[in-house]
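The values are calculated or read from the model by the stated rules, or taken from the named source; none is laboratory data. Model, not experiment: these values are computed from the prediction. Using ideal geometry, Cβ is built from the backbone for each residue, glycine included, and neighbour counts are taken over all protein chains shown.
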Amino acid sequence: MKKYRCTVCGYVYDPAKGDADGGIAAGTAFEDLPDNWTCPVCGAQKSEFEPED
């Protein structure tokens, strides 16, 4: 699964780790995150993320 980087603060969402603080289980693909999920560091919208190479 691809990692995605927040274009605002640089946080990287790693599907293998999920977002425990946000209630997102490990193994959750970025595409499967709820539309209202936001960056846990800066609060940016999901649309502000880009796939990481």
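Looking for whichever is surrounded by 11 or more Cβ atoms within 10 Å (Cβ to Cβ), among the hydroxyl-bearing types (Ser, Thr, Tyr) and within 10 Å of the chain's Cα centre (by Cα) here; the options are Thr38, Thr7. Which one fits?
Of the residues listed, the single one that is surrounded by 11 or more Cβ atoms within 10 Å (Cβ to Cβ), among the hydroxyl-bearing types (Ser, Thr, Tyr) and within 10 Å of the chain's Cα centre (by Cα) is Thr38.
Looking at this structure, is Thr28 at pLDDT 95 or above and in contact with a helix residue (DSSP H, G or I) (Cβ under 9 Å, 6 or more places away or on another chain)?
For Thr28, the condition - at pLDDT 95 or above and in contact with a helix residue (DSSP H, G or I) (Cβ under 9 Å, 6 or more places away or on another chain) - is not met.
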